[in-house]
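Written out below as structure tokens is the structure these notes cover.
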Amino acid sequence: MVLSVGSYGLLRYQLELSKTGLEEADRQYDQVKLSIDHRLKDWSAFQNLEPKLRVLSGLLDAHVSPARLLKEIEQVTVNTVYYDSFTLSTDRKVSLAVSADSFESAARQLTAFRRAAFVKRADSSSFNAVYDTDDPTKLKSVQFQIQLSLNDSAMTPEEPTATLQ
């Protein structure tokens with residue numbers, strides 16, 4: 001009988017140790033899982049940077065500079081037009097998400113790009129009229145896409161300007 005009580009006590013003690021060990025293992029597992037989730041989020045951010053860095057690397061390898069291009073685009077932009085996004089590829093193509101106050105301004109902007117010396121070809125697509133919510137007959141803006149193919153000179157670095165000392 002004493003042996004059974006002692007065995008029972010030992011088993012009970014081992015059970016409590018096992019429960020404590022299991023709780024500790026679960027806690028450590030949760031901490032590791034949390035750390036992995038955090039690192040996966042960081043990794044995801046770095047993965048999203050990779051395509052952008054590749055394009056930038058291609059631009060740098062080709063010894064090109066978007067500064068001149070941005071000035072050229074600014075000079076031919078119609079004053080009632082603005083850009084929601086700008087994408088530049090290494091093959092000298094630009095994609096612009098554009099907003100204009102009217103279809104006439106949109107047409108003027110496309111014509112300005114087609115006449116610009118730095119542009120080889122200009123195309124537009126995806127025209128969308130946005131109307132005022134209070135007055136559905138009033139045009140609020142025209143949203144569309146412009147795709148530009150650039151001349152080789154459009155992306156060459158600008159000549160440095162002389163500064164007075």
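The values are calculated or read from the model by the stated rules, or taken from the named source; none is laboratory data. Quick caveat, the model's predicted, so the values are computed rather than measured. Because the Cβ atoms are built from the backbone with ideal geometry, glycine has one as well, and the counts that use them run over all protein chains shown.
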Legend entry - Filter result (assigned to a strand (DSSP E or B) and among the aromatic types (Phe, Trp, Tyr)) within segment 88-145: 127, 131, 144
Inset, instruction - Output the number of the condition that residue 85 fails; it satisfies all remaining conditions of (1) outside any helix (DSSP H, G or I); (2) surrounded by 10 or more Cβ atoms within 10 Å (Cβ to Cβ). - result: (2)
Inset, instruction - Any residue in segment 71-99 that's in contact (Cβ under 8 Å) with a residue 24 or more places away in the chain and in the same structural domain as residue 117 (by TED's automatic domain parsing): show its pairings with residues that are part of a loop (DSSP other than H, G, I, E, B) and not β-branched (Val, Ile, Thr) at Cβ separation under 6 Å, as long as the two are six or more apart or on different chains. - result: 72/118; 76/116; 80/101
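Given the criterion over 20 Å from the mean Cα position of the chain (by Cα), farther than 23 Å from residue 96 by Cα and either at pLDDT 80 or above or of a type outside the set (A, V, I, L, M, F, W, C) (or both), identify the matching residue among 17, 34.
34
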